Amino acid sequence: MSEEKKVETSSVRVGELVDCTVEQIMPYGAFVRLSTGQRGMIHISELSFNFVKKVEDILSLQQELRVRVIKIDEKGRIDLSLKKVEERPLIQAPVTRDEKDNFEKKMAAFLKSSESKIADLNSKLNASKSGRKKTGGKSRG
């Protein structure tokens, strides 16, 4: 039986793209049937570059996918990734002048608002400190 597992795991390799069908959805990911007949799992963190609250938001039962094999452990379990089918680009498009100006305007407005709020808080704090009567020492009676 252990020889069957070795044969089974050797039919796919790490880094390879494979077709599969979603068989079971769990809160932490989905189990799929590979075109080779093997079972694999796509962890919820490998579904998208964006935050995924529920696996069902991305996948549905019997959905056909193309995924990348990212790991095969010593027990022959196959870990798959949907997001690594198309890697996120390392180089992003340059920021346009309008986007830069817009960002700088927003940042200036934020700083101005923050400084105003801090000044207001400081003046209230100072006013409350100066309004207090200091009572020190023992009372004479």
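None of the figures in this text is laboratory data; all of them are computed from the coordinates on show. Since the structure is predicted, the reported quantities are computational estimates derived from the model, not experimental observations. Don't worry about glycine lacking a Cβ; one is built from the backbone with ideal geometry, like all the others, and counts go over all protein chains shown.
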**Prompt:** Using r as the Cβ-Cβ distance of S114 and D57, and R0 as 41 Å, what FRET efficiency do you calculate, to the nearest 0.05?
**Reply:** 0.70
**Request:** Would you kindly work out the equivalent ellipsoid of segment 2-81 from its C-alpha gyration tensor and give its semi-axes, the square roots of five times the eigenvalues, largest first in whole Å?
**Result:** 22, 12, 11
**Asked** What's the local net charge at V52, with K and R +1, D and E -1, over the other residues with C-beta under 12 Å away?
**Response** 0
**Item:** Environment charge at S123 (Cβ cut-off 13 Å; Lys +1, Arg +1, Asp -1, Glu -1)
**Value:** +1
**Under 22 Å, Cα to Cα: Lys pairs in segment 2-81, sequence gap 8 or more or different chains** = 4
